[in-house]
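One structure is given here, and the rest of the page talks about it.
The values are calculated or read from the model by the stated rules, or taken from the named source; none is laboratory data. None of these values were measured; they are calculated from a predicted model. Virtual Cβ from ideal backbone geometry, glycine too; neighbours counted across all protein chains shown. Only protein heavy atoms, including side chains, enter the accessible area calculation; ligands, DNA and RNA are left aside. Shrake-Rupley method; radii C 1.70, N 1.55, O 1.52, S 1.80 Å.
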Amino acid sequence: MALIATLTEIISARNIKLCRLHENPDVRGQNAVTYVGSGEAEASKHDKNEPVPLEDDKALADCLKTQRRIVAANARPDSGVRTIHPLWMANEIVGFLVIESETDDAKDQEL
């Protein structure tokens, strides 16, 4: 949550989320993500630590597949972009940093 709070202060983002990548407890061999931190004021299913199948979010799946930052249209129409950064630990992706903003601002993404 400290990372989210700091980023919220220094970049122009609508929302910042952290999510953890793991095996889906409901489907063996399938990847899922659990949102572990969010800058959203209102509670959502992401805040309840419910696993979401990775295949339900094409942008997250693409980030895992390409192992690179992904910039995708936000799910809500006219609501900007989602930039997804893979989070690495010991040479493997363990989660994602998801930044929702108006545009893909190069300065913000560099930070």
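When every residue of the range 86-95 is checked against the conditions, at least one turns out to be of a type outside the set (Gly, Ala, Ser), modelled with pLDDT of 90 or more and not in a strand (DSSP E or B). Restricting attention to the range 1-22, the residues that are modelled with pLDDT under 85, closer than 16 Å to residue 95 by Cβ and open to solvent by 80 Å² or more (accessible area, probe 1.4 Å) add up to 2. The residue pairs whose first member lies in the range 23-41 and is among the polar types (S, T, N, Q) and at pLDDT 85 or above, whose second member is buried (at least 17 other Cβ atoms within 10 Å of the Cβ) and in a strand (DSSP E or B), and whose beta carbons are closer than 7 Å, counting only pairs six or more residues apart or on different chains, are 31/21; 34/19.
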